[in-house]
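Take a look at the structure below.
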Amino acid sequence: MYDKFVRDRITQLRLQKGVSEYQMSYDLGHSRGYIYNISSGKSLPPLTEFFAICEYFGITPAEFFDDKLTNPELIQKAVEGLKTLDDGDILMILNHINRLQRK
């Protein structure tokens, strides 16, 4: 059950990032088939590699397992941007979010 979720989530995030299995394997310092083996169900990453995969996508492990976040990297970028704004600007953005959620 969780094995499939991990495989599917890595594939989803990899495709959103626009990288191939080979490129991701290379970027993580592994042989060309490393991510393919995970995606195909032949293996799962050990915990230290799982953390490296999360870091590669720019997300936390909690965000990785949150299936309601379809694009956690984008949410993370938005949160980082919000941290640079003053309270007035944040309130304005919250008003826009509330308005969009009503549609």
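Couple of notes before you dig in:
- Within the range 48-103, the set of residues being among the acidic types (Asp, Glu) and outside any helix (DSSP H, G or I) comprises Asp66, Asp67, Asp86.
- Flag for Ser40 being among the hydroxyl-bearing types (Ser, Thr, Tyr), surrounded by fewer than 16 Cβ atoms within 10 Å (Cβ to Cβ) and modelled with pLDDT under 95: yes
- Tally of residues being surrounded by 13 or more Cβ atoms within 10 Å (Cβ to Cβ), free of Cβ contacts under 8 Å to residues at least 12 places away in the same chain and part of a loop (DSSP other than H, G, I, E, B) across the range 7-31: 3
Conditions tested, residue by residue: (1) touching a Ser or Thr at 6+ places or on another chain (Cβ under 7 Å); (2) at pLDDT below 95; (3) of a type outside the set (A, V, I, L, M).
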{"residue": "Met1", "(1), (2), (3)": "no, yes, no"}
{"residue": "Glu21", "(1), (2), (3)": "yes, no, yes"}
{"residue": "Gly29", "(1), (2), (3)": "no, no, yes"}
{"residue": "Tyr36", "(1), (2), (3)": "no, no, yes"}
{"residue": "Ala52", "(1), (2), (3)": "no, no, no"}
{"residue": "Asp66", "(1), (2), (3)": "no, yes, yes"}
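- Selected residue (criterion: farthest from Thr11 (Cα to Cα)) from residues of the range 24-76 that are among the aliphatic types (A, V, I, L, M) and in contact with an Asp or Glu (Cβ under 8 Å, 6 or more places away or on another chain): Ile75
The values are calculated or read from the model by the stated rules, or taken from the named source; none is laboratory data. Remember, predicted model here, so these are calculated numbers, not experimental data. Methodologically, a virtual Cβ is constructed for each residue, glycine included, from the backbone with ideal geometry; neighbour enumeration extends over all protein chains shown.
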